[in-house]
Amino acid sequence: MKISVSMKGLAELDKKLAAVVKDQNAALDVALIEAGFRIQREAKKSIQAHRSRGREYQHGNVTHVASKPGFPPNTDTGLLVNSVYVDAKEKGAQVKTVIVGTDLKYGKWLEFGTTRMAARPWLFPAFEKTRAANINAIRAAARGGFRKAGSGSKGGAA
(Lines give C-alpha, C1' and ligand atoms only; values in the text may rest on other atoms or scores of the structure.)
Protein backbone atom coordinates (compact mmCIF):
# COMPACT_ATOMS: atom_id res chain seq x y z
CA MET A 1 0.00 0.00 0.00
CA LYS A 2 1.25 3.41 -0.92
CA ILE A 3 -0.02 6.75 0.48
CA SER A 4 0.84 10.06 -1.06
CA VAL A 5 0.17 13.43 0.54
CA SER A 6 0.72 16.81 -1.01
CA MET A 7 0.08 20.26 0.39
CA LYS A 8 -0.46 23.42 -1.55
CA GLY A 9 0.27 26.89 -0.28
CA LEU A 10 3.32 26.17 1.89
CA ALA A 11 5.33 28.95 0.25
CA GLU A 12 2.51 31.40 0.97
CA LEU A 13 2.33 30.17 4.57
CA ASP A 14 6.10 30.66 4.96
CA LYS A 15 5.78 34.26 3.71
CA LYS A 16 2.92 34.98 6.11
CA LEU A 17 4.79 33.50 9.07
CA ALA A 18 7.89 35.55 8.19
CA ALA A 19 5.69 38.68 8.11
CA VAL A 20 4.25 37.80 11.53
CA VAL A 21 7.74 37.43 12.99
CA LYS A 22 8.86 40.73 11.44
CA ASP A 23 5.79 42.59 12.77
CA GLN A 24 6.18 40.93 16.16
CA ASN A 25 9.83 41.93 16.43
CA ALA A 26 9.11 45.52 15.40
CA ALA A 27 6.34 45.83 18.01
CA LEU A 28 8.57 44.36 20.72
CA ASP A 29 11.45 46.67 19.75
CA VAL A 30 9.21 49.70 20.22
CA ALA A 31 7.86 48.38 23.54
CA LEU A 32 11.37 47.74 24.91
CA ILE A 33 12.64 51.17 23.91
CA GLU A 34 9.54 52.82 25.40
CA ALA A 35 10.16 50.87 28.62
CA GLY A 36 13.66 52.33 28.76
CA PHE A 37 12.34 55.86 28.35
CA ARG A 38 9.68 55.21 31.00
CA ILE A 39 12.42 54.22 33.46
CA GLN A 40 14.50 57.26 32.45
CA ARG A 41 11.58 59.66 33.04
CA GLU A 42 10.84 58.14 36.44
CA ALA A 43 14.51 58.29 37.51
CA LYS A 44 14.78 61.95 36.50
CA LYS A 45 11.48 62.77 38.20
CA SER A 46 12.58 61.16 41.46
CA ILE A 47 15.81 63.17 41.53
CA GLN A 48 14.14 66.46 40.62
CA ALA A 49 11.07 66.10 42.83
CA HIS A 50 12.68 64.75 45.95
CA ARG A 51 13.89 67.22 48.56
CA SER A 52 15.18 65.32 51.53
CA ARG A 53 17.04 67.57 53.95
CA GLY A 54 20.25 65.97 55.01
CA ARG A 55 23.75 67.24 55.68
CA GLU A 56 24.70 70.53 53.99
CA TYR A 57 28.19 71.20 52.69
CA GLN A 58 30.08 73.43 50.28
CA HIS A 59 31.46 71.90 47.07
CA GLY A 60 33.35 74.59 45.18
CA ASN A 61 30.97 77.51 44.84
CA VAL A 62 27.87 75.30 45.10
CA THR A 63 26.17 74.60 48.41
CA HIS A 64 24.99 71.01 48.36
CA VAL A 65 22.32 69.55 50.60
CA ALA A 66 22.75 65.80 50.67
CA SER A 67 19.59 63.72 50.71
CA LYS A 68 18.93 61.33 53.56
CA PRO A 69 20.31 57.82 53.08
CA GLY A 70 17.87 55.57 51.24
CA PHE A 71 16.19 58.48 49.44
CA PRO A 72 16.92 59.66 45.88
CA PRO A 73 19.73 62.19 45.64
CA ASN A 74 18.96 65.88 45.71
CA THR A 75 19.93 67.85 42.64
CA ASP A 76 22.04 71.00 42.66
CA THR A 77 23.42 71.42 39.17
CA GLY A 78 21.21 69.01 37.20
CA LEU A 79 24.27 67.14 35.97
CA LEU A 80 23.00 63.69 37.00
CA VAL A 81 19.49 64.30 35.67
CA ASN A 82 20.83 65.52 32.33
CA SER A 83 23.21 62.58 32.02
CA VAL A 84 20.61 59.79 32.29
CA TYR A 85 20.45 58.09 28.90
CA VAL A 86 18.62 55.27 27.13
CA ASP A 87 20.57 53.08 24.70
CA ALA A 88 19.13 50.24 22.62
CA LYS A 89 21.53 47.44 21.73
CA GLU A 90 20.60 45.48 18.63
CA LYS A 91 21.52 42.01 17.51
CA GLY A 92 20.89 41.77 13.82
CA ALA A 93 17.82 43.87 13.13
CA GLN A 94 16.17 43.34 16.52
CA VAL A 95 16.58 45.19 19.82
CA LYS A 96 17.86 42.72 22.41
CA THR A 97 18.86 45.01 25.27
CA VAL A 98 17.87 48.46 26.46
CA ILE A 99 20.27 50.18 28.85
CA VAL A 100 19.27 53.06 31.11
CA GLY A 101 22.09 54.70 33.01
CA THR A 102 24.65 57.44 33.33
CA ASP A 103 28.32 57.75 32.51
CA LEU A 104 28.94 59.87 35.62
CA LYS A 105 31.06 57.99 38.17
CA TYR A 106 29.07 59.31 41.08
CA GLY A 107 25.82 57.95 39.63
CA LYS A 108 26.97 54.48 40.69
CA TRP A 109 28.17 55.77 44.05
CA LEU A 110 24.78 57.35 44.74
CA GLU A 111 22.87 54.24 43.64
CA PHE A 112 24.86 51.72 45.68
CA GLY A 113 26.68 53.82 48.27
CA THR A 114 30.36 53.70 49.16
CA THR A 115 32.36 52.82 52.24
CA ARG A 116 31.93 56.46 53.30
CA MET A 117 28.37 57.16 52.14
CA ALA A 118 25.08 55.32 52.38
CA ALA A 119 23.19 54.66 49.15
CA ARG A 120 20.81 57.21 47.64
CA PRO A 121 19.15 54.91 45.07
CA TRP A 122 17.64 56.61 42.05
CA LEU A 123 17.71 54.09 39.17
CA PHE A 124 16.53 50.78 40.62
CA PRO A 125 13.51 52.40 42.33
CA ALA A 126 12.57 53.88 38.92
CA PHE A 127 12.86 50.40 37.39
CA GLU A 128 10.66 48.94 40.16
CA LYS A 129 8.08 51.73 39.90
CA THR A 130 7.70 51.23 36.14
CA ARG A 131 7.95 47.43 36.14
CA ALA A 132 4.21 46.67 35.88
CA ALA A 133 3.62 49.26 33.14
CA ASN A 134 6.64 47.98 31.20
CA ILE A 135 5.60 44.33 31.46
CA ASN A 136 2.05 45.20 30.38
CA ALA A 137 3.33 47.20 27.40
CA ILE A 138 5.61 44.36 26.29
CA ARG A 139 2.80 41.81 26.66
CA ALA A 140 0.44 44.05 24.70
CA ALA A 141 3.02 44.41 21.93
CA ALA A 142 3.44 40.63 21.76
CA ARG A 143 -0.31 40.03 21.65
CA GLY A 144 -0.79 42.82 19.11
CA GLY A 145 1.56 41.20 16.63
CA PHE A 146 -0.37 37.93 16.72
CA ARG A 147 -3.73 39.68 16.48
CA LYS A 148 -2.55 41.71 13.50
CA ALA A 149 -1.40 38.54 11.76
CA GLY A 150 -4.60 36.69 12.61
CA SER A 151 -6.87 39.44 11.33
CA GLY A 152 -5.03 39.66 8.02
CA SER A 153 -5.31 36.00 7.09
CA LYS A 154 -8.23 34.35 5.32
CA GLY A 155 -10.58 32.89 7.88
CA GLY A 156 -8.36 33.97 10.78
CA ALA A 157 -9.74 35.15 14.10
CA ALA A 158 -9.04 38.65 15.37
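The values are calculated or read from the model by the stated rules, or taken from the named source; none is laboratory data. Fair warning: this is a prediction, and the values are worked out from it, not measured in the lab. All Cβ positions, glycine included, derive from the backbone under ideal geometry; neighbour counts span all protein chains shown.
Quick notes
- Any hit, region 15-29, residues being among the small types (Gly, Ala, Ser), closer than 22 Å to Phe124 by Cβ and surrounded by 13 or more Cβ atoms within 10 Å (Cβ to Cβ): no
- Residue match in region 8-15 (condition: modelled with pLDDT of 85 or more and in contact with a Ser or Thr (Cβ under 8 Å, 6 or more places away or on another chain)): no
- Matching residues, region 51-79, being exposed (fewer than 13 other Cβ atoms within 10 Å of the Cβ) and either at pLDDT 85 or above or in contact with a helix residue (DSSP H, G or I) (Cβ under 9 Å, 6 or more places away or on another chain) (or both): Gly70, Gly78, Leu79
- Of the set (1) in a helix (DSSP H, G or I); (2) under 30 Å from Arg139 (Cβ atoms); (3) at pLDDT 85 or above, all apply to Asn82 but (2).
- Annotation: of all residues in region 105-121 being out of contact with any Asp or Glu (no Cβ under 6 Å at 6 or more places or on another chain) and in a loop (DSSP other than H, G, I, E, B), the one that is surrounded by the most Cβ atoms within 10 Å (Cβ to Cβ) is Arg120.
- Unmet requirement for Lys129, which otherwise passes all of (1) assigned to a helix (DSSP H, G or I); (2) within 11 Å of the chain's Cα centre (by Cα): (2)
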